[in-house]
Amino acid sequence: MNKKNIPNVLTFLRIVSVPFFIYFLLCDSNYIFASFIFIIASATDFLDGYFARKFNAISNFGTFFDPLADKLLVISCFVSFLYIELLQESVLLWMIVVIVFRDVSITLLRLLIQSKNMTMITTKVAKAKTAFQMGSIGLILFYLTLIQSQYLILEYIQFNLIIFYLMTATALVTLYTGIHYYYNNSHLLIKVFSKE
């Protein structure tokens with residue numbers, strides 16, 4: 001296989017992993033295996049960027065599908081959590097609506113700007129959003145894995161309360177970064193619609 005294709009293969013694998021993650025999380029209730037798939041999928045996110053830089057393999061496929069694969073994985077995780085009874089008091093609908101709306105709208109914004117041969121301005125605050133989202137998903141999967149493994153540590157830690165506050169912070173940070181994106185790209189949006 002051509003080395004320059006490695007980043008695209010990893011991105012593709014991340015997309016393909018999503019239905020398997022959902023199946024093991026919701027249909028099979030195998031939280032341990034679902035966590036394993038999430039860890040592998042998250043690793044491909046780091047590795048595809050690493051190999052793209054190492055082999056100078058920036059492609060149109062990767063530029064378009066890499067962020068799309070990230071959002072597909074994250075959104076699938078959060079939406080799936082809504083259907084797990086153990087999380088009904090800590091993962092609330094409004095939180096997921098905020099996260100999904102922000103990520104979908106920013107993706108559409110990026111596509112709109114790219115369709116006009118312009119480059120969307122990314123912001124450093126997006127890294128905070130990613131950290132909160134991945135941290136929340138990781139903690140929730142860890143909690144579910146502990147339950148399935150029946151560890152006694154659950155008797156001493158109020159995981160539901162911790163998850164609730166972390167998810168609240170995640171939703172608010174996600175909302176803020178969305179507003180920040182629109183503000184920083186407002187001049188591009190003006191150019192886009194002025195050309196219509």
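Can you tell me how region 97-136 classifies by the Cα gyration tensor, rounded, prolate or oblate, using a/c under 1.5 as the rounded cut? It is oblate, given that a/c is not under 1.5 and a/b is not larger than b/c.
The HN-Hα couplings worked out from phi for region 10-22 by the Karplus form 6.51 cos²θ - 1.76 cosθ + 1.60 (θ = phi - 60°) are 5, 4, 4, 4, 5, 5, 5, 5, 4, x, 5, 4, 4 Hz, whole numbers, x standing for Gly and Pro. Counting only protein heavy atoms and a 1.4 Å probe, the chain has 57 square angstrom of accessible area per residue. Backbone geometry of region 111-120 corresponds, through the Karplus equation with coefficients 6.51, -1.76 and 1.60 at θ = phi - 60°, to 3J(HN,Hα) couplings of 5, 4, 5, 5, 5, 9, 6, 10, 9, 6 Hz, x marking Gly and Pro. What is the local net charge at Leu166, summed over the other residues whose Cβ is closer than 14 Å to its Cβ (Lys, Arg +1; Asp, Glu -1)? Within the 14 Å Cβ shell, the charges total 0. When a 1.4 Å probe is rolled over the protein heavy atoms, the share of accessible surface on region 125-196 that falls to carbon and sulfur comes to 68 percent. Of the listed residues Arg110, Arg102, the order by accessible area with a 1.4 Å probe, largest first, is Arg110, Arg102.
If you sort Cys77, Cys27 by accessible surface, 1.4 Å probe, largest first, the order is Cys27, Cys77. Shape analysis of the chain yields a ratio of the Cα radius of gyration to the Kirkwood radius, Rg/Rh, of 1.01. The Cα-based radius of gyration and maximum Cα-Cα distance (Dmax) for region 85-152 are 16.8, 56 Å. Calculated [222 nm] ellipticity per residue, helices only, for the chain: -26000 deg cm²/dmol; basis is -39500 (n - 2.57) per DSSP H run with n ≥ 4, divided by all residues, nearest 500.
What you get for region 52-196, charging only the Cβ of Lys and Arg (+1) and of Asp and Glu (-1), is a dipole of about 840 debye around the Cα centre. Once the Cα-Cα distance is subtracted from the 0.36 nm per residue extended length, the Phe36 to Gln158 segment shows a gain of 41.5 nm. Roughly how tilted is helix 125-149, in degrees to the nearest 10 and between 0 and 90, from the longest Cα axis of the chain? Between the helix axis and the principal axis of the chain, the angle is about 30 degrees. Along the axis of the charge dipole computed for the chain (Cβ charges of +1 for Lys and Arg, -1 for Asp and Glu, origin at the Cα centre), the listed residues Phe21, Leu166, Leu72 are led at the positive end by Leu72.
Summary value for the chain: 25 percent relative contact order, contacts being C-alpha pairs under 8 angstrom separated by 6+ residues.
The values are calculated or read from the model by the stated rules, or taken from the named source; none is laboratory data. Please read all numbers here as calculations on a predicted model, not as lab measurements. In this analysis, Cβ positions are derived from the backbone assuming ideal geometry, glycine residues included, and neighbour counts consider all displayed protein chains. SASA here: full protein model, heavy atoms, side chains in, ligands and nucleic acids out. Shrake-Rupley method; radii C 1.70, N 1.55, O 1.52, S 1.80 Å.
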